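The values are calculated or read from the model by the stated rules, or taken from the named source; none is laboratory data. Being a predicted model, the structure only gives us computed values, none of them experimental. In this analysis, Cβ positions are derived from the backbone assuming ideal geometry, glycine residues included, and neighbour counts consider all displayed protein chains. Accessible surface is based on the protein model in full, side chains and every heavy atom, while ligands, DNA and RNA are left aside. Shrake-Rupley method; radii C 1.70, N 1.55, O 1.52, S 1.80 Å.
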Amino acid sequence: MSAGALSLQRVIPTPAPPTAAELKLMRLVERVQQDDLTAFEELYRLTRDEVARTLCHLVGRRSDLEDLIQETYLRLLKAVPRYKGQSRFRTFLYGVTANVALMHLRWWRRRREDLGDVPDCASEGRDPEAVAQAAEAARLVQRALATMSAKKRIVFVYHELCDMGPEEIAEATDTPYNTVRSRLHHARMEFTAAMRGLTGAQS
Amino acid sequence: MMRHDESLLWEYAARELPSEDARLVQHHLTECPECQEKLTDVRTARGALAAVKGADFRFTYAKADAAIARVVEKKMAHAAFSRPWVLGLSGALVTAGLLLVAYGFWSKAPPAPLPELAEVEAPAPRPLPLAVERAAGLTVIGAQTRVLGNGAALASGDVLRTEAKGEATLRLPEGSRLKLGGGAQLSLTRADSDDVALQLERGHLAVAASHAQRKGFVVHTEGMMVTVVGTRFAVTSSRDGVEVAVAEGKVSVEPPVGLPQFVSAGQRVRFDSRWRSQRGSLTAAEKRELSALGESTADAVKPPTPVVPAHGGGTRAAAPATPTSASDLKSLVADAALELAPPPSRPADPAPAPSKPDMTGLEVPLLASPVESVGHPPAPSPTTPGDWAPLPAAKPASANASKLNDESPEESPDEVLQRADRSLSHGTCDRFLKQLDQLASDASRGPRAEKARIIRARCFDAQMRVRDAKEEYRRYLMQYPGGQYVDEARHIADE
Ligand SMILES: [Zn+2]
């Protein structure tokens with residue numbers, strides 16, 4: 001019997017109540033919904049780091065990452081009228097981001113693009129050694145992520161790197177909860193295996 | 001049942017398992033070297049993820065920033081333009097507010113079309129008071145609409161309006177002069193010593209920009225942005241379109257749709273209501289107007305212009321109030337404020353000034369009824385009337401607009417609050433900051449003062465002036481500890 005079939009208790013903490021930052025985003029969204037596009041620029045500025053970072057984990061650091069950021073916000077702008085506060089705004093934003101990433105990953109796959117040596121998503125800090133370590137880790141993580149299917153990758157990245165619970169991921173990606181759990185389960189095994197291969201090949 | 005389940009190992013390592021399951025896994029681990037090894041792999045994998053999660057992430061957004069700004073700008077311009085004209089008036093404000101934002105943003109980026117100054121004069125001149133030089137039929141509108149006479153002080157944020165036959169010449173802190181034609185409305189969005197942003201809501205505005213070094217000098221109208229590169233130009237806004245005429249230097253004109261373009265000295269460009277442009281040359285009247293306006297701006301060393309008093313109560317354009325230097329202007333304004341006889345700085349004036357009504361016009365606002373004090377238009381002068389109406393269409397525009405705005409120059413506090421509140425979502429609220437402050441500072445207004453304070457705070461917030469917003473919310477909290485908007489105020493003030 002595999003763990004995937006186990007009915008796991010949902011011990012992963014459910015999202016905390018909206019923070020001050022989240023409330024601020026909600027207010028901005030309301031203004032955007034009233035056609036105040038200056039609020040959209042502010043919304044962009046407040047969330048772009050998170051979106052950029054997430055996209056980077058989802059698709060890798062590509063030269064066209066900025067295009068994807070743009071694309072995400074263009075879609076967000078179109079999608080905002082649909083947002084009725086049914087979920088946290090962050091969840092909504094992650095949903096839009098996932099769609100952009102998904103389209104992109106599929107496109108790349110269709111093009112059978114060779115991933116080659118994938119540049120990492122982290123960047124310079126202060127301590128050179130920690131930087132080198134983080135860079136190495138990031139490189140490995142990117143390569144391991146690149147072996148996964150798009151949908152599994154999204155679930156895995158959202159859970160392991162973006163601190164989203166399965167419920168929230170299910171909501172963001174409009175996927176049944178159990179599907180999310182199952183994808184996460186497989187993604188973890190694939191990721192561990194890929195990392196084993198990568199680190200084993202290295203040492 | 002728990003044998004060799006790698007996925008459970010991850011959940012075990014992540015402490016996601018209920019304690020019972022965790023104990024089972026733990027027990028299994030003690031007797032299974034294979035799973036111990038796998039757990040090491042899982043921990044390695046999770047360690048790499050943790051390192052990635054904790055790493056700094058830096059990213060440059062130059063391209064994305066520009067794209068977002070473009071999209072937002074375009075969308076707003078489109079929104080402004082797709083409305084019928086009467087709404088378009090306020091629609092233009094939406095765009096202008098945004099363009100201001102976008103402009104400030106662009107000026108940080110290297111490829112930004114920063115307004116190059118035609119000439120740079122050093123050292124920077126002392127800031128002059130922002131004031132009316134000469135006015136007929138000029139009012140500042142808002143919570144306390146009042147008529148402005150010669151020498152009246154102005155402030156950034158003021159919204160000025162001229163009567164159909166009025167006109168006004170203003171001096172900005174950085175030395176530029178503005179001439180507002182009849183039936184016009186102009187917001188002095190920003191009139192600092194190093195930064196000028198004006199919003200021409202309708203009518204005709206002539207500008208003689210000084211050579212002072214500054215961050216920017218922009219005029220917004222109907223969603224179009226005119227950036228000053230050179231010095232003397234005029235903008236006319238009417239329901240039929242917008243016209244920009246340049247006598248000296250160069251301006252960059254950015255219509256809400258289509259490409260930005262330059263208009264150089266001697267040229268004029270006219271945009272119709274669909275932003276199709278047509279070029280031509282400067283008319284003689286425009287040349288005269290702009291050269292008259294520019295004279296006293298650029299030529300600080302020029303000897304005083306002899307005053308030729310016009311017949312009757314008319315004020316000969318520019319002459320009496322034309323200062324010959326910054327200090328002259330200062331004393332002129334100071335004198336005016338004291339409502340004295342003509343300033344002593346003009347002893348050479350051939351005009352028998354003191355007895356002339358036009359010279360003492362500055363007293364009138366104090367004596368006469370608010371609306372009809374300086375009501376006479378200036379008498380015909382060599383530069384009238386054509387100068388004030390290069391676009392014949394300007395008149396209908398103002399007549400039309402009067403249905404919207406002109407009927408009650410005295411706005412009630414409620415109206416101001418309403419308009420300010422509405423402007424929040426249009427990015428144009430900065431025009432109301434001053435009025436809101438007046439209302440908010442007047443405790444006798446009770447709930448209106450409270451409302452004004454909160455709208456003001458929201459405005460700063462909307463304009464991304466974070467520090468000002470916090471400050472304003474703190475003021476709110478101090479004034480209204482049990483107020484209606486305490487949650488909101490605390491939320492922002494503590495952020
Ligand atoms: Zn085992």
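So residue A:87 clears everything in (1) of a type outside the set (Phe, Trp, Tyr); (2) more than 11 Å from chain B (Cβ to nearest Cβ); (3) surrounded by fewer than 22 Cβ atoms within 10 Å (Cβ to Cβ); (4) without any contact (Cβ under 8 Å) to a residue 60 or more places away in the chain except one condition, right? Which one?
Looking at each condition in turn, residue A:87 falls short on (4).
Can you pull out the residues in region A:40-92 that are of a type in the set (Lys, Arg) and not in a helix (DSSP H, G or I)?
A:61, A:62, A:84, A:88, listed by residue number.
Residues of region A:50-74 being within 7 Å of chain B (Cβ to nearest Cβ) and in contact with a Phe, Trp or Tyr (Cβ under 9 Å, 6 or more places away or on another chain), which ones?
A:52, A:53, A:66, A:69, A:73
How many residues, within region B:68-78, are within 9 Å of another protein chain (Cβ to nearest Cβ) and either buried (at least 19 other Cβ atoms within 10 Å of the Cβ) or within 16 Å of the ligand (Cβ to nearest atom) (or both)?
Summing the residues that are within 9 Å of another protein chain (Cβ to nearest Cβ) and either buried (at least 19 other Cβ atoms within 10 Å of the Cβ) or within 16 Å of the ligand (Cβ to nearest atom) (or both) in region B:68-78 gives 5.
May I ask you to list the residues in region B:456-478 that are open to solvent by less than 80 Å² (accessible area, probe 1.4 Å) and within 14 Å of chain A (Cβ to nearest Cβ)?
Selection gives B:457, B:458, B:459, B:460, B:461, B:462, B:463, B:464, B:469, B:470, B:473.
Can residue B:197 be described as part of a loop (DSSP other than H, G, I, E, B) and of a type outside the set (Ser, Thr, Tyr)?
no
Quickly run through region B:155-181 and pick out the residues that are open to solvent by less than 20 Å² (accessible area, probe 1.4 Å) and assigned to a loop (DSSP other than H, G, I, E, B).
Scanning region B:155-181 gives B:157, B:158, B:172, B:173, B:174, B:175, B:176, B:181.
Looking at residue A:167, is it modelled with pLDDT under 95, surrounded by fewer than 19 Cβ atoms within 10 Å (Cβ to Cβ) and farther than 25 Å from residue A:85 by Cα?
no
Please specify each residue of region B:130-150 satisfying the condition of being open to solvent by 10 Å² or more (accessible area, probe 1.4 Å) and in a loop (DSSP other than H, G, I, E, B).
Of everything in region B:130-150, those that are open to solvent by 10 Å² or more (accessible area, probe 1.4 Å) and in a loop (DSSP other than H, G, I, E, B) turn out to be B:130, B:143, B:144, B:145, B:150.
Go through region B:15-54 and count every residue that is touching a Ser or Thr at 6+ places or on another chain (Cβ under 9 Å) and either within 10 Å of the ligand (Cβ to nearest atom) or open to solvent by 30 Å² or more (accessible area, probe 1.4 Å) (or both).
Of the residues in region B:15-54, 5 are touching a Ser or Thr at 6+ places or on another chain (Cβ under 9 Å) and either within 10 Å of the ligand (Cβ to nearest atom) or open to solvent by 30 Å² or more (accessible area, probe 1.4 Å) (or both).
Mind listing just one residue for me: the one in region B:16-57 that is closer than 25 Å to residue A:195 by Cβ and assigned to a loop (DSSP other than H, G, I, E, B) and, of those, farthest from the other protein chains (Cβ to nearest Cβ)?
Result: B:32.
May I ask you to verify whether residue A:25 is more than 10 Å from chain B (Cβ to nearest Cβ), over 18 Å from the mean Cα position of the chain (by Cα) and within 15 Å of residue A:96 (Cβ to Cβ)?
The answer is yes for residue A:25.
Return the only residue of B:12, B:61 being within 28 Å of residue A:145 (Cβ to Cβ), within 16 Å of the ligand (Cβ to nearest atom) and not acidic (Asp, Glu).
B:12
Residue pairs, Cβ under 7 Å, 6 or more apart or interchain, first in region B:142-171 and in contact (Cβ under 8 Å) with a residue 12 or more places away in the chain, second among the aromatic types (Phe, Trp, Tyr) and not in a strand (DSSP E or B). List them.
B:167/B:388
Run residue B:481 past the list (1) assigned to a loop (DSSP other than H, G, I, E, B); (2) within 14 Å of another protein chain (Cβ to nearest Cβ) and report the number of the one that doesn't hold.
So residue B:481 meets the others, but not (2).
Can you tell me which residues in region B:400-421 are modelled with pLDDT under 75 and assigned to a helix (DSSP H, G or I)?
Across region B:400-421, the qualifying residues are B:400, B:401, B:402, B:403, B:404, B:405, B:406.
Collect the residues in region B:41-60 that are modelled with pLDDT of 85 or more and hydroxyl-bearing (Ser, Thr, Tyr), keeping them in residue-number order.
Within region B:41-60, just B:44 meets the criteria.
Looking at A:188, A:183, can you tell me which residue is over 24 Å from residue A:84 (Cβ atoms) and open to solvent by 10 Å² or more (accessible area, probe 1.4 Å)?
Only one candidate qualifies: A:183.
Within region B:82-96, does at least one residue satisfy the condition of being crowded, with 16+ Cβ neighbours inside 10 Å, modelled with pLDDT of 80 or more and either of a type in the set (A, V, I, L, M) or more than 19 Å from the chain's Cα centre (by Cα) (or both)?
So far as region B:82-96 goes, no, none of its residues is crowded, with 16+ Cβ neighbours inside 10 Å, modelled with pLDDT of 80 or more and either of a type in the set (A, V, I, L, M) or more than 19 Å from the chain's Cα centre (by Cα) (or both).
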